[in-house]
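The values are calculated or read from the model by the stated rules, or taken from the named source; none is laboratory data. Here the structure is a predicted model, which is why all the values come from computation and not from measurement. Quick reminder, even Gly has a Cβ in these numbers, built from the backbone with ideal geometry, and neighbours come from all protein chains shown.
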Amino acid sequence: MLRSLSTLWPYLRRYRWGLSLGIGALLLKDLFAAALPIVMKYGVDSLTRGFQTRIVLNLAAILIGLSLIKGLFQYWMRVIIIGISRDIEYDLRNDLFAHLVELSQDFYSRYRTGDIMARSTNDLNAVRMMLGPGVMYWTETSVMLVLAVAVMLHTDARLTGIALLPAPFVSIAVIFFGRRIHTRFEHIQRMFADISSKVQENLAGVRIIRAYAQEKAEVAQFETLNRDYVRENIGLARIQGMFMPLLQALIGMTFLLVLWFGGRQLLEGRISLGSFVMFNTYMGMLIWPMIAFGWVVNLMQRGT
């Protein structure tokens with residue numbers, strides 16, 4: 001995987017300042033997002049000691065302000081990083097075309113037109129998704145996970161340990177399904193190249209096909225290729241369809257453990273109600289990173 005990504009470093013270096021700006025916006029967005037549950041904790045603890053209108057209004061204003069700032073940085077994070085992935089895709093297409101026009105006739109006799117078309121369309125789109133949403137969500141997931149776990153450990157180390165018990169199973173599921181998705185997607189790409197080649201060959205030799213009355217035979221072969229292509233895509237969809245529900249089940253198990261053990265801690269007076277609310281809020285914030293992690297693995301496997 002890293003070997004495949006090494007060819008993209010020159011393109012990433014070309015936009016290093018823009019990427020740095022986008023990652024900076026991402027970090028600030030995650031910092032403001034991580035501050036929201038802490039403000040909620042102080043608000044809930046203040047309410048348990050008695051309702052005070054001034055404190056509630058101040059905390060509400062802080063929450064609204066933090067949410068607006070977080071949303072602003074999230075907007076620029078997406079605009080910058082996704083925009084750069086489009087620029088890199090544009091550069092890759094130009095470089096690929098410039099390289100193709102310089103190749104010898106021997107190359108085109110060894111490689112089919114369908115293979116070249118597959119590289120120029122589906123493959124480059126997969127690379128763009130890896131460099132744009134893939135890089136963005138991978139970084140965001142990692143940063144948010146570190147920030148949330150750090151605050152959770154500071155609040156209650158035992159409760160954090162119990163909450164993270166399903167984490168190894170998430171990793172195992174990601175590795176298991178990630179390999180199968182990668183293998184299946186590579187096979188689908190080869191089949192797409194076969195279909196593209198079949199179309200090109202039929203269009204180029206349409207007179208010969210008609211002269212020998214081979215229309216029905218060619219249509220039958222094309223239908224067979226299409227059916228196989230659809231079948232493989234359905235197989236890939238089934239694998240991905242099993243992957244996401246499994247991740248969600250593991251996440252649901254995490255919430256059950258937190259509610260059970262955290263509720264006991266709360267009833268025994270070891271943590272405050274505000275801390276319990278903050279802990280559950282962080283757990284809710286980690287749902288998307290856990291799901292996004294599986295999605296990012298799919299993008300990375302396809303892009304490489």
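I want to confirm something. Restricting to the stretch 8-49 and keeping residues that are of a type in the set (D, E, K, R) and buried (at least 18 other Cβ atoms within 10 Å of the Cβ), which single residue is nearest to SER275 (Cα to Cα)? Don't jump to the end; show me each part of the working.
Step one: list which residues in the stretch 8-49 are of a type in the set (D, E, K, R), which gives 13-14, 16, 29-30, 41, 45, 49.
Restricting the remaining residues to those that are buried (at least 18 other Cβ atoms within 10 Å of the Cβ) gives 29-30, 41.
Numbers: LYS29: 23, ASP30: 20, LYS41: 6 Å.
By that ranking, first place goes to LYS41.
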Legend entry - First in the stretch 116-143 and more than 16 Å from TRP288 (Cβ to Cβ) and touching a residue at least 24 places away in the same chain (Cβ under 8 Å), second anywhere and in a helix (DSSP H, G or I) and among the polar types (S, T, N, Q), Cβ under 7 Å, 6 or more apart: MET117/SER196; ALA118/GLN189; ALA118/SER196; ASN122/GLN189; ASP123/GLN189; ARG128/SER85; LEU131/SER85; GLY132/SER85
Legend entry - Failed condition for GLY235, given (1) in a helix (DSSP H, G or I); (2) small (Gly, Ala, Ser); (3) modelled with pLDDT under 85; (4) surrounded by fewer than 20 Cβ atoms within 10 Å (Cβ to Cβ): (3)
Legend entry - THR155 under 30 Å from ALA237 (Cα atoms) and of a type in the set (Ser, Thr, Tyr): no
Inset, instruction - Consider VAL56 carefully, then state whether it is β-branched (Val, Ile, Thr) and farther than 27 Å from MET129 by Cβ. - result: yes
Inset, instruction - Only one of these is in contact with a helix residue (DSSP H, G or I) (Cβ under 7 Å, 6 or more places away or on another chain), under 30 Å from PRO37 (Cβ atoms) and outside any helix (DSSP H, G or I): LEU247, LEU159, LEU165, LEU257. Name it. - result: LEU165
Inset, instruction - Test GLY43 against the stated conditions and say whether it is over 24 Å from LEU203 (Cβ atoms), touching a Leu at 6+ places or on another chain (Cβ under 9 Å) and either small (Gly, Ala, Ser) or not in a helix (DSSP H, G or I) (or both). - result: yes
Inset, instruction - Could you list all residues from the stretch 71-99 that are touching a residue at least 60 places away in the same chain (Cβ under 8 Å) and more than 26 Å from LEU28 (Cβ to Cβ)? - result: ASP91, LEU92
Legend entry - Hits in the stretch 26-75 (condition: closer than 27 Å to LEU153 by Cβ, under 32 Å from the mean Cα position of the chain (by Cα) and β-branched (Val, Ile, Thr)): ILE38, VAL39, ILE62, ILE69
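So if I check each of GLY71, GLY24, which one is part of a helix (DSSP H, G or I) and within 17 Å of GLY134 (Cα to Cα)? Even if it seems obvious, please write down each step before you answer.
Values: GLY71 fails: within 17 Å of GLY134 (Cα to Cα).
Exactly one of GLY71, GLY24 is part of a helix (DSSP H, G or I) and within 17 Å of GLY134 (Cα to Cα), namely GLY24.
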